[in-house]
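I have placed the structure first, in the form of structure tokens, so that the comments after it can refer back to it.
The values are calculated or read from the model by the stated rules, or taken from the named source; none is laboratory data. Remember, it's a predicted structure, so these values are computed and weren't measured experimentally. No Cβ is skipped: glycine too gets one built from the backbone with ideal geometry, and neighbour counts run over all protein chains shown.
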Protein chains: 2
Amino acid sequence: MTSKQYNSVWFREPRKPAGSSPGRSREEIVAAAMELLDAEGLAGLSMRKLGARLGAGATSLYWYVAHKDELLELVYDEIWGEMTAPDPEEVGWRNAASIVAHSMRQVILRHRWSADLIGRLPALGPNSLMVADQTRKTFKLAGFAGADIDYANATLTAFVFGMTIPEVAWDTAMAGYDYDGDDLRQTVAKVAADYPDLSDAISATDYEDPRVMRELCFDFGLVSVLDGLERRLVT
Amino acid sequence: MTSKQYNSVWFREPRKPAGSSPGRSREEIVAAAMELLDAEGLAGLSMRKLGARLGAGATSLYWYVAHKDELLELVYDEIWGEMTAPDPEEVGWRNAASIVAHSMRQVILRHRWSADLIGRLPALGPNSLMVADQTRKTFKLAGFAGADIDYANATLTAFVFGMTIPEVAWDTAMAGYDYDGDDLRQTVAKVAADYPDLSDAISATDYEDPRVMRELCFDFGLVSVLDGLERRLVT
DNA sequence: ACCTGAACACCGTTCAAGT
DNA sequence: ACCTGAACACCGTTCAAGT
């Protein structure tokens, strides 16, 4: 029964106040890591490769970061920094919620490796907090009170993440497929042969571009979730 | 531009028809893998350790499975096998949806390693398909038609997964905390100091058991999602 | 048909030593 | 204060060889 405390990068000061002269800074390291991640995915990020990209020895990073997970926490927060969370006072709570939802999705689709980090890492960085604060404001303005503010907030982000993460997985699974994926669909239909209803549905989606279908699916779900939340407000 | 086809374990026959005499079978391997996963988590499952547990050489597994990902596909489908998807004809579509949602959540909380697999692996095993077929039936019975059936289906599971995966992450992050986590909450509040609203909310949840709070949050979100979906039906 | 062992190309992380 | 190199304890996977 070890009683080790949980530790996040955000719980301690960076070793470099980000403005000194020699050596590297967190910013450089994070930027290089993002480049590597965007180019090669999560599996492509190793401490050695990142060190090499920075023109440094493989293990020099350990002076700036306690371990790889801390590095991941840092790049994870960058993701949150790319999200647009508009002021609900200006656009109304429903619009604000819609916009942030679409924005979250877009960011994940842009940085596909982030899908693997979401829900694995705690989101305690400054950017995450900024977004969380803004969405909280959004649901407060909508009329929620007390814990319901957080519940509504959690419901929306759960939907967005739950919808988007598998999208990324499917995309990467089908990467390298030249055709529109007809033979894949056929194979899947064969596996589902025991369930006539299911396999009918699979073949039926034949003619649609998967990207527009997912877009439609996301919109359908989003308005449903927002309607459902709105329903909590009428008392 | 390599045009490698996507391949799932489920797209090819197992090497053993599961009833022969010598050697191991997929069933044994999967069962042992599940034990290892439940005991040590995803990081604790290595081909070498699994081989050892089966009293075999480290690399003997490669005769039954093409690579580790295939093994993961197999154990992943076991997860789906533990879910309860009741017949909507008997309990009504809303009940059926509620029950399957809670069941999904419970299964994930029971096998925490599955949280890392969801959305990373395609769900094409027999158990996944059975659940998918049943939930499709549920939304069909509710009155959805065409693509909307799948959209509603996707919305519900997105919510459940998006809600539950982070739950697991928080739990494992705080594993080893003896106290009720007061000091953690304090630390988090300090990090969020710039956002008075947010940090107030964090301290306000003080007295509650996180487990019951999550339960409440899940229920709140679930009825919201179901209400929202139901709203799509009135035309 | 099934399993082994050695080997390859990687990992994250530690740590004494350098400047 | 910052970085290096060697070393440790792991990985997944391949493959020739055994029975």
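I'd like to check which helices (runs of 4 or more DSSP H) are fully inside region A:68-123 and have at least 3 residues that are within 16 Å of residue A:157 (Cβ to Cβ). Explain how you work it out, then say what you get.
Values: elements: A:68-81, A:88-91, A:93-110, A:114-117.
Of the helices (runs of 4 or more DSSP H) lying wholly inside region A:68-123, those with at least 3 residues that are within 16 Å of residue A:157 (Cβ to Cβ) span A:68-81, A:93-110, A:114-117.
Applying a threshold of 6 Å to beta carbon distances and a minimum spacing of six or more residues, or different chains, the list of pairs starting in region A:61-81 at a residue that is within 21 Å of residue A:119 (Cα to Cα) and ending at one that is within 16 Å of DNA strand D (Cβ to nearest atom) and not in a helix (DSSP H, G or I) reads A:71/A:65. Considering region A:192-235, and only residues there that are of a type in the set (Val, Ile, Thr) and in a loop (DSSP other than H, G, I, E, B), the residue that is farthest from the other protein chains (Cβ to nearest Cβ) turns out to be A:235. Evaluated against (1) modelled with pLDDT of 95 or more; (2) within 14 Å of another protein chain (Cβ to nearest Cβ), residue A:146 falls short on exactly one condition, (1).
The residues of region A:51-103 that are aliphatic (A, V, I, L, M), under 22 Å from residue A:138 (Cβ atoms) and under 13 Å from the mean Cα position of the chain (by Cα), listed by number, are A:79, A:83, A:100, A:101.
When B:118, B:99 are screened for being among the β-branched types (Val, Ile, Thr) and without any contact (Cβ under 8 Å) to a residue 24 or more places away in the chain, only B:99 passes.
Candidates in region B:203-227 are the residues that are crowded, with 20+ Cβ neighbours inside 10 Å and in contact (Cβ under 8 Å) with a residue 12 or more places away in the chain; of these, the one that is nearest to residue B:163 (Cα to Cα) is B:218. If the condition is being outside any helix (DSSP H, G or I) and either more than 8 Å from DNA strand D (Cβ to nearest atom) or among the polar types (S, T, N, Q) (or both), then region B:34-64 contributes B:41, B:46, B:54, B:55, B:56, B:57, B:59, B:64. Those residues that are more than 24 Å from residue B:6 (Cα to Cα) and of a type in the set (A, V, I, L, M), I need them from region B:48-85; list them, please. Of everything in region B:48-85, those that are more than 24 Å from residue B:6 (Cα to Cα) and of a type in the set (A, V, I, L, M) turn out to be B:50, B:52, B:54, B:56, B:58, B:83, B:85.
In region B:122-133, how many residues are closer than 27 Å to residue B:233 by Cα and more than 9 Å from chain A (Cβ to nearest Cβ)? Give the steps one after another, and end with the answer.
Our first condition is that a residue be closer than 27 Å to residue B:233 by Cα; within region B:122-133, this holds for B:128-133.
Adding the requirement that they be more than 9 Å from chain A (Cβ to nearest Cβ) leaves B:128, B:131.
Qualifying residue count, region B:122-133: 2.
Taking the criterion of being surrounded by 21 or more Cβ atoms within 10 Å (Cβ to Cβ), touching a residue at least 24 places away in the same chain (Cβ under 8 Å) and among the hydrophobic types (A, V, I, L, M, F, W, C), the residues of region B:121-130 that qualify are B:121, B:123.
Whenever a residue of region A:162-173 is without any contact (Cβ under 8 Å) to a residue 12 or more places away in the chain, its partners that are of a type in the set (Gly, Ala, Ser) and not in a helix (DSSP H, G or I), lying with C-beta atoms within less than 7 angstrom and at least six residues away or across chains, give the pairs A:166/B:119.
Tell me which residues, restricted to region A:131-154, are aliphatic (A, V, I, L, M) and surrounded by 19 or more Cβ atoms within 10 Å (Cβ to Cβ). Don't jump to the end; show me each part of the working.
Keep residues of region A:131-154 that are aliphatic (A, V, I, L, M), which gives A:131-132, A:141-142, A:145, A:147, A:149, A:152, A:154.
Hits for region A:131-154 are A:131, A:132, A:142, A:149, A:152, A:154.
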